[in-house]
1. Probe radius 1.4 Å, ligands and nucleic acids left out: which of 111, 164, 230 has the largest accessible area, and how do the rest follow?
2. Order 118, 223 by their accessible area, 1.4 angstrom probe, all chains in place, largest first.
3. Would you mind telling me the share, in percent, of accessible area of the chain contributed by carbon and sulfur at probe 1.4 angstrom?
4. Could you work out, for the chain, what percent of all Cα-Cα pairs fall into each 10 Å distance bin, beginning at 0 Å and stopping at the bin that holds the largest distance?
5. Using DSSP to define loop residues, name the GluC sites (Glu not before Pro) in the range 86-172 whose beta-carbon has at most 13 other beta-carbon atoms within 10 Å.
6. Looking at the range 1-64, which GluC sites (Glu not before Pro) are DSSP coil and have at most 15 other C-beta atoms within 10 Å of their C-beta?
7. From the phi angles alone, apply the Karplus equation (6.51, -1.76, 1.60; θ = phi - 60°) to the range 37-49 and give each ³J(HN,Hα) in whole Hz, x where the residue is Gly or Pro.
8. Counting only protein chains, not ligands or nucleic acids, how are 198, 167 ordered by accessible area (probe 1.4 Å), most first?
Amino acid sequence: MDLGLENRVYVVTGATRGLGNATARELVADGAKVVVTGRQQKTVDEAAAELGPNAVGVVADNADPDSAAALVAAAREHFGRFDGVLISVGGPAPGFVADNTDEQWQAAFESVFLGAVRLARTAAAELGEGGVIGFVLSGSVYEPIAGLTISNGLRPGLAGFAKSLADELGPRGIRVVGVLPGRIGTDRMRQLDGLSPDPEATRAANEAGIPLRRYGTPQEFGRTAAFLLSPAASYLTGIMVPVDGGSRAGF
């Protein structure tokens, strides 16, 4: 299937590792060009080099108010166009209600929520018909996840923002989608499993509750996200797509 990604240009934030990096790889593999971001020069340079000549790395922090405009400008400067953005950011600090501090909530709000809003708002002003804005969210959009209180508080609100944005941008031919990872085998998931006394037993218990009986791979997530960003998904907007092996109980 031709996804129509040839020579299209996307900004992918948080793409030095994890789900952002997996998506960038799939986009490039299908002919797209990407601007990948991260907060450290070394990891940004390494990620861009691994992706090859159709990628360029830019050091950026989603929480920085100046990042959004700089990333769109980088796409146009290096590749001559801008077709969409995938907004991905590292997960907020784990913890329960009594554990998380005001400082952790504030830092997460600035990067996970407000940073994403700024990026989406800037992209919306720059995109034309056929453009797309994607958000990497979480299964916590639908069901709270124990021990991830900050994510449970912020992700559903960001999904609501994405849905409102889809309604507003639809008449201009711009799509907005959310991708909701379940248990994907990333460093983040290994970190969360490692918070338990027996990480291997925790993973086994988690897998037993997934209909497919395993964690997903970053590549499986990246393929789904790349499809949703591509012209092949041209009639999909305002949707939240779980990539979770069937974990969500509802339809």
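The values are calculated or read from the model by the stated rules, or taken from the named source; none is laboratory data. What you see is a predicted model; the values in this text were computed from it and never measured. Cβ placement follows ideal geometry from the backbone for every residue including glycine, while neighbour counts extend to all protein chains displayed. Accessible surface areas use protein heavy atoms only, side chains included; no ligands, DNA or RNA. Shrake-Rupley method; radii C 1.70, N 1.55, O 1.52, S 1.80 Å.
1. On the way: 111 25, 164 55, 230 0 Å².
Output order, biggest surface exposure first: 164, 111, 230.
2. So the residues, ranked largest to smallest area, are 223, 118.
3. Numbers: 6210 of 11710 Å².
In the chain, the share of accessible area belonging to carbon and sulfur is 53 percent.
4. 8, 33, 38, 18, 3, 0
5. Working: sites: 103, 110, 126, 129, 168; in loops: 129.
Answer by residue number: 129.
6. Numbers: sites: 6, 26, 46, 50; in loops: 6.
Those that pass, being in a loop and sparsely packed, are 6.
7. Going residue by residue, I get 10, x, 9, 10, 4, 4, 5, 5, 4, 5, 5, 5, 5 Hz, with x marking Gly and Pro.
8. On the way: 198 80, 167 105 Å².
So the residues, ranked largest to smallest area, are 167, 198.
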